[in-house]
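What follows is one structure encoded as structure tokens, with my remarks underneath.
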């Protein structure tokens, strides 16, 4: 089994890829399957959160690109800045991992949260998309982040 122990920070062409949902990209110890079907063991520094586009270096020198898997999320597009701030406040107050873009926000689908936003007058849509939440003010981030909609 291939083993990866470090996030590779230099630009490089990856020969292999590993697609994971957000829940698994937060684990520093993980046994997974590369996209080609080979097994890999991740033994990364504690607190590492992998983002789509991050690169790992395996013990044999292979470079593996992390891909964010599409998962079931709720997305709200909110043009009103005050309403946008209220939505972020109420979701943050519940410690919900939140991806924030220009006039839109996204979280892992939860019908209770959808109903809460609906009560604020915010429409959400359930969809399949990659999820790259904010890393937080106190760390727990990778070397770089990627924001896409």
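Restrict the check to segment 34-42 and report whether at least one residue is closer than 26 Å to residue 98 by Cα and touching a strand residue (DSSP E or B) at 6+ places or on another chain (Cβ under 6 Å). Checked segment 34-42: at least one residue is closer than 26 Å to residue 98 by Cα and touching a strand residue (DSSP E or B) at 6+ places or on another chain (Cβ under 6 Å).
Hey, can you tell me all the residues within segment 88-115 that are in a helix (DSSP H, G or I) and within 24 Å of residue 52 (Cβ to Cβ)? Give the steps one after another, and end with the answer.
In the first step, residues of segment 88-115 are kept if they are in a helix (DSSP H, G or I); the result is 88-93, 111-115.
Those that are in a helix (DSSP H, G or I) and within 24 Å of residue 52 (Cβ to Cβ): 88, 91, 92, 113.
Selection of segment 95-113 for residues being exposed (fewer than 15 other Cβ atoms within 10 Å of the Cβ) and at pLDDT 95 or above yields 101, 102, 103, 104, 111, 112.
Let's see how each residue does on (1) surrounded by 16 or more Cβ atoms within 10 Å (Cβ to Cβ); (2) out of contact with any helix residue (DSSP H, G or I) (no Cβ under 9 Å at 6 or more places or on another chain):
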| site | (1), (2) |
| --- | --- |
| 60 | no, yes |
| 64 | yes, yes |
| 84 | yes, yes |
| 87 | yes, no |
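Consider only pairs whose beta carbons are under 6 Å apart and that are at least six residues apart or on different chains; among these, list those whose first residue lies in segment 1-12 and is modelled with pLDDT of 85 or more and whose second residue is exposed (fewer than 12 other Cβ atoms within 10 Å of the Cβ) and part of a strand (DSSP E or B). Matching pairs, first to second residue: 1/39. Filtering segment 14-30 for residues that are assigned to a strand (DSSP E or B), without any contact (Cβ under 8 Å) to a residue 24 or more places away in the chain, outside the structural domain of residue 107 (by TED's automatic domain parsing) and surrounded by fewer than 18 Cβ atoms within 10 Å (Cβ to Cβ) leaves a non-empty set. Residue check: residue 47 meets all listed conditions (1) in contact with a strand residue (DSSP E or B) (Cβ under 6 Å, 6 or more places away or on another chain); (2) surrounded by fewer than 18 Cβ atoms within 10 Å (Cβ to Cβ); (3) in contact (Cβ under 8 Å) with a residue 40 or more places away in the chain but one, namely (1). The residues of segment 52-87 that are more than 30 Å from residue 31 (Cβ to Cβ), in contact (Cβ under 8 Å) with a residue 40 or more places away in the chain and not in a strand (DSSP E or B) amount to a single one, 78.
The values are calculated or read from the model by the stated rules, or taken from the named source; none is laboratory data. Note that the structure is a prediction, hence the values are computed from the model and not measured. When we count neighbours, we look across all protein chains shown, and the Cβ atoms used for this are built from the backbone with ideal geometry, even at glycine.
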